[in-house]
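Student: Starting off with a structure, shown below.
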Amino acid sequence: MPIEPRGALAYRDEASGELLVWSSQQNPYRVREALAAVLGLPAETVRVRIPDVGGAFGPKGSVYPEEILVAAAALRLGRPVKWVETRREDFAALGHDREQAHSARIGFARDGAILALDDTFLADVGAYPAEGAGLTQNTVNHLPGPYRVPAYRCAGTSVVTTKTVNAAYRGAGRPEAVFAMERLMDLGARRLGLDPAELRRRNLVRPDEMPYRPGLVYKDGVPIAYDPGDFPAAFERALALLDYSGWRERQRAQAGSARRIGVGLACYAQGTGLGPFEGATVRVDPGGTVYVLVGVAGQGQGHATTLAQIAAAELGARLEDVVVVAGDTGLVPFGMGTGGSRVIANAGPAVARTARAVRARATRVAAELLECAPEDVRVAEGRVHVVGAPDRFVTLGRVAQAAVRSKALRATGEPGLNACTYFHPDTVTWAFGMQAAAVEVDVETGAVRLRAYAIVHDPGRAVNPAIVAGQLQGGAAQGIGAGLLEAIVYDGAGQLLTASLMDYAIPRADDLPPLPVVLLEHASAVNPLGVKGVGESGAIPGAAAIANAVEDAVADLGVTVREAPVRPGSLWEALGKGRDR
């Protein structure tokens, strides 16, 4: 649930004739295309801007009727029109997700090796399939996860219902896949008499098997091949971070009491950074400011910082001189927007490539000014200096001034210290991670208290580790919410019952223990920066880890957890049924 509800502002600029639209969105190009198509306008006359947005998480990547109606009203009335939805409207109209029902089975050899995995599931897509079959396909492709699965069959069916349309909520079909697979792993461990950690150890893909090919084709049409990584090492690091053996000792000490301890594990492999492309423009002005123009829009992920870091490093500018301008169709003509953990994996290489092109232009012009060969100059900290003579330099601002009339750039056919390039990935990058949870269950009330949590993730090359950790912690909070609290509920007549924060519970700060993060970096083999997307990763395994932990605490009482969230009422009822058996 985004903190900020949706909103839009539109008016026609009388001077230019453009329809100007501001929207709380993720993809300005998708909005522009929809406005042009529905209102019968040339796309060139529609300009969409996405300001800083207070959370989006996927559902704001869809185009909604209100955005079109606001623009239509502005054109009809000849004056600006503004609309901001209420929280109740947000709950009712913003796309929902996560409603799937699985019938899955898994086969193991006596030694615990997975032999086969079979799943049939239904996905509720609401009143109409706004996202097509994309989310259902994500579930199919991500169900085997980081495990060796020699035989796999899966069939997913998208079902239209009378509920709100679905949307690609953070994880977009992957959390459901992980929930099903990780529940099977725990059930299998119990049946085989193995510790859940040991069963996973025996089935995780090893480093020497990379690039591992699970025999599936991703939705971009490319056969899946996992990026380099060390799944077993990450797994062991997560167990240590949680203090797995310590919590097992506490579990034994509290066995048979009213407050039971349970430990849950959940692993995932995630395709990130779907194309087909992303672009960037980098321009240095005479004052030395470096402008980075990108089509992706930010909703709190820290794009402005990470993209500025990439630009500064590749160009040789000072970080404080870099300004990132994002989410404006009038500045970058083509883009695919934010979503699918794609910004660092797509916009990052586009910014890097463009910054290098600007640096090459800067060395030509600076060499002309310094009367030396281009290969004899270096760009660093906002200056271009002669190698071996750091006192002989010109600033990037001075180079930008000279670049307008520079003879050195005549051969390029374009003046100025600027460039625009696009990056087209061959396919997605594959990230891996694991989360572990320790819970305390009150068997008399069904209340669940989260006692400890651990997060380990492989983001490829982490451009800004602090931002990566923040993304993982924020995602984990949402995953924990999905495991314990959050649920959209309708009554029998189709009326929404959870239309306010009085009815729809989300985690509060005091609901969460510390969320320690460890990053184990293995550079992507398919991305030129070595990065892997991370925006959705933290939210993917949480519900599965929580469900496994709760069942681990009360399995001896006859309880099997089959759905999320695991709320006190339903758990108390299950405990009662278990006692009656």
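Student: Checking the condition under 39 Å from the mean Cα position of the chain (by Cα), of a type in the set (S, T, N, Q) and part of a helix (DSSP H, G or I), which residue from T338, T363 passes?
Tutor: Values: T338 fails: part of a helix (DSSP H, G or I).
After applying the criteria, what remains is T363.
Student: Another question, then. Scan the stretch 38-71 for residues that are hydrophobic (A, V, I, L, M, F, W, C) and over 12 Å from A8 (Cα atoms) and jot them down. Let's see the steps before the verdict.
Tutor: First, the residues of the stretch 38-71 that are hydrophobic (A, V, I, L, M, F, W, C): 38-39, 41, 43, 46, 48, 50, 53, 56-57, 63, 68-71.
Answer for the stretch 38-71, where residues must be hydrophobic (A, V, I, L, M, F, W, C) and over 12 Å from A8 (Cα atoms): V38, L39, L41, A43, V46, A56, F57.
Student: Sticking with this one: Sort out which residues of the stretch 99-129 are closer than 23 Å to G215 by Cα and of a type in the set (S, T, N, Q), and write them in order of number.
Tutor: S103, T120
Student: I'm told A574 meets every condition in (1) of a type outside the set (D, E, K, R); (2) surrounded by 20 or more Cβ atoms within 10 Å (Cβ to Cβ); (3) more than 19 Å from R451 (Cα to Cα); (4) within 22 Å of the chain's Cα centre (by Cα) except one. Can you identify the failing condition by its number?
Tutor: (4)
Student: Something else: List every residue pair whose Cβ atoms lie under 9 Å apart, where the two residues are 6 or more positions apart in sequence or sit on different chains, the first residue falls within the stretch 273-288 and is more than 29 Å from V428 (Cα to Cα), and the second residue, located anywhere, is part of a strand (DSSP E or B) and of a type in the set (V, I, T).
Tutor: Final answer for the pair search is V284/V290; G288/T395.
Student: Have a look at A402, A438, A411, A419 and point out the one that is outside any loop (DSSP other than H, G, I, E, B), more than 24 Å from G287 (Cα to Cα) and assigned by TED's automatic domain parsing to the domain that holds R364. Before you say what the answer is, go through the steps one by one.
Tutor: Details: A402 fails: more than 24 Å from G287 (Cα to Cα); A438 fails: assigned by TED's automatic domain parsing to the domain that holds R364; A419 fails: more than 24 Å from G287 (Cα to Cα).
A411 is the lone residue from the list that is outside any loop (DSSP other than H, G, I, E, B), more than 24 Å from G287 (Cα to Cα) and assigned by TED's automatic domain parsing to the domain that holds R364.
Student: Would you say T289 is assigned by TED's automatic domain parsing to the domain that holds S341, within 23 Å of the chain's Cα centre (by Cα) and of a type in the set (S, T, Y)?
Tutor: Working: assigned by TED's automatic domain parsing to the domain that holds S341: yes; within 23 Å of the chain's Cα centre (by Cα): no; of a type in the set (S, T, Y): yes.
Here the answer is no, as T289 does not meet what is asked.
Student: A further question on this structure: Quick test of your reading of the structure: T161 fulfils all but one of (1) in contact with a strand residue (DSSP E or B) (Cβ under 6 Å, 6 or more places away or on another chain); (2) hydroxyl-bearing (S, T, Y); (3) more than 30 Å from Q495 (Cα to Cα); (4) surrounded by fewer than 18 Cβ atoms within 10 Å (Cβ to Cβ). Name the failing condition by number.
Tutor: Only one criterion in (1) in contact with a strand residue (DSSP E or B) (Cβ under 6 Å, 6 or more places away or on another chain); (2) hydroxyl-bearing (S, T, Y); (3) more than 30 Å from Q495 (Cα to Cα); (4) surrounded by fewer than 18 Cβ atoms within 10 Å (Cβ to Cβ) is unmet by T161, namely (3).
Student: Please specify each residue of the stretch 438-465 satisfying the condition of being more than 24 Å from D510 (Cα to Cα) and polar (S, T, N, Q). Before the answer, list the steps.
Tutor: Step one: filter the stretch 438-465 for residues more than 24 Å from D510 (Cα to Cα), giving 457-465.
Listed by number, the list holds a single entry, N464.
Student: E381 fails exactly one of the following numbered conditions: (1) in contact (Cβ under 8 Å) with a residue 40 or more places away in the chain; (2) at positive phi; (3) over 37 Å from the mean Cα position of the chain (by Cα). What is the number of that condition?
Tutor: (3)
Residues are listed down the side, and each one gets a yes or a no for (1) modelled with pLDDT under 95; (2) in contact with a helix residue (DSSP H, G or I) (Cβ under 7 Å, 6 or more places away or on another chain):
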| site | (1), (2) |
| --- | --- |
| T161 | yes, no |
| V165 | yes, no |
| F231 | no, no |
| F235 | no, yes |
| L242 | no, no |
| R260 | no, yes |
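Student: If you check G78, G54, which single one turns out to be within 30 Å of G479 (Cα to Cα) and not charged (D, E, K, R)?
Tutor: Working: G78 fails: within 30 Å of G479 (Cα to Cα).
The unique qualifying residue is G54.
Student: Failed condition for V394, given (1) under 19 Å from A317 (Cβ atoms); (2) among the hydrophobic types (A, V, I, L, M, F, W, C); (3) in a helix (DSSP H, G or I); (4) within 43 Å of the chain's Cα centre (by Cα), with all others met?
Tutor: (3)
Student: Where in the stretch 61-142 are the strands (runs of 3 or more DSSP E), entirely inside, with at least 2 residues that are closer than 30 Å to A197 by Cα and modelled with pLDDT of 95 or more? Break it down stepwise before answering.
Tutor: Working: elements: 81-84, 100-108, 114-124.
Of the strands (runs of 3 or more DSSP E) lying wholly inside the stretch 61-142, those with at least 2 residues that are closer than 30 Å to A197 by Cα and modelled with pLDDT of 95 or more span 100-108, 114-124.
Student: Could you grab me the full set of residues in the stretch 300-315 that are among the polar types (S, T, N, Q) and surrounded by fewer than 21 Cβ atoms within 10 Å (Cβ to Cβ)? Explain how you work it out, then say what you get.
Tutor: So in the stretch 300-315, the residues among the polar types (S, T, N, Q) come out as 301, 305-306, 309.
Within the stretch 300-315, T305, Q309 meet the criteria.
Student: Ok, one more. Residues of the stretch 147-192 being within 21 Å of Q473 (Cα to Cα) and part of a loop (DSSP other than H, G, I, E, B), which ones? Break it down stepwise before answering.
Tutor: Just the residues of the stretch 147-192 that are within 21 Å of Q473 (Cα to Cα), to begin with: 168-179, 182.
Matches in the stretch 147-192: A168, Y169, R170, G171, A172, G173.
Student: Another question about this same structure. Check whether at least one residue in the stretch 483-501 is buried (at least 19 other Cβ atoms within 10 Å of the Cβ), part of a helix (DSSP H, G or I) and touching a Gly at 6+ places or on another chain (Cβ under 6 Å), and report yes or no.
Tutor: Checked against the condition, which is being buried (at least 19 other Cβ atoms within 10 Å of the Cβ), part of a helix (DSSP H, G or I) and touching a Gly at 6+ places or on another chain (Cβ under 6 Å), the stretch 483-501 yields at least one hit.
Student: While we're here: Please list, ordered by first then second residue, the pairs with beta carbon atoms under 9 Å, 6 or more apart or interchain, first in the stretch 523-545 and not assigned by TED's automatic domain parsing to the domain that holds V456, second modelled with pLDDT of 95 or more.
Tutor: Taking only residues 6 or more apart or on different chains, not a single pair turns up.
Student: Look through A297, A266, A326, A355 and report the one residue that is surrounded by 22 or more Cβ atoms within 10 Å (Cβ to Cβ), assigned by TED's automatic domain parsing to the domain that holds A437 and not charged (D, E, K, R). Can you show your working first?
Tutor: On the way: A297 fails: assigned by TED's automatic domain parsing to the domain that holds A437; A326 fails: assigned by TED's automatic domain parsing to the domain that holds A437; A355 fails: assigned by TED's automatic domain parsing to the domain that holds A437.
Selected residue: A266, the only one of A297, A266, A326, A355 that is surrounded by 22 or more Cβ atoms within 10 Å (Cβ to Cβ), assigned by TED's automatic domain parsing to the domain that holds A437 and not charged (D, E, K, R).
Student: Could you tell me which numbered condition G173 fails, if it satisfies all but one of (1) modelled with pLDDT under 95; (2) surrounded by fewer than 22 Cβ atoms within 10 Å (Cβ to Cβ); (3) among the small types (G, A, S)?
Tutor: (2)
Student: Being buried (at least 24 other Cβ atoms within 10 Å of the Cβ) and either free of Cβ contacts under 8 Å to residues at least 24 places away in the same chain or of a type in the set (A, V, I, L, M) (or both) is the requirement here; does L450 meet it? Before you say what the answer is, go through the steps one by one.
Tutor: On the way: buried (at least 24 other Cβ atoms within 10 Å of the Cβ): no; either free of Cβ contacts under 8 Å to residues at least 24 places away in the same chain or of a type in the set (A, V, I, L, M) (or both): yes.
So L450 does not fit the description; no.
Student: Suppose we keep only residues that are buried (at least 21 other Cβ atoms within 10 Å of the Cβ) and among the polar types (S, T, N, Q) within the stretch 453-482. Which one would you say is farthest from K532 (Cα to Cα)?
Tutor: Among those residues, the one meeting the criterion is Q478.
The values are calculated or read from the model by the stated rules, or taken from the named source; none is laboratory data. None of the values given here were measured: they were computed from a predicted structure. Backbone-built Cβ (ideal geometry, glycine too); neighbour counts: all protein chains shown.
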